[in-house]
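Where a number appears in this text, it was derived from the coordinates with a stated rule and is not lab data. Computed from a prediction, not measured in an experiment: that's the story for all the values here. Note: ideal-geometry Cβ built from the backbone for every residue, glycine included; neighbour counts use all protein chains shown.
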Amino acid sequence: MTTPTIITAKLSELEQLCEKYPQKIPIEECAAFLGLAPASLRASVEHGNCPFGLGWLKKNSMNRAFFVPTLTFYLWVTQGSGFREEMRT
């Protein structure tokens, strides 16, 4: 069974995203990768429905901050399979 072209392309896009943002992926870039509006991803993080993103209320402010760690996002998207594959070779 061959991997569909769209899957290969999306994994390549993920690799580029991780290389461009090795520590933290901006919420806008993460949302674009997932095909979401940034506000939708922020709402998901804020309501605790996003397993890879962190959000908090900024100190002395009514604004929220959001953080998407690159490693956590990569492992969530690939379900760790990319990492496991590299460990085998």
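Below are the figures for this structure:
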quantity	calculated
Integer Hz, Karplus 6.51/-1.76/1.60 couplings in order for segment 69-79, x for Gly and Pro	x, 4, 4, 4, 5, 4, 5, 5, 4, 8, 6
Label-point separation, Lys24 to Glu46 (7 Å along Cα→Cβ), nm	1.9
Theoretical gain in end-to-end length, Leu75 to Gln16 [0.36 nm per residue, Cα-Cα removed]	19.8 nm
Gain in span if fully extended, Arg64 to Ala39, counting 0.36 nm per residue against the direct Cα distance	7.8 nm
Cα point-scatterer Debye curve for the chain, base-10 log of I(q)/I(0) at q = 0.10 Å⁻¹	-0.30
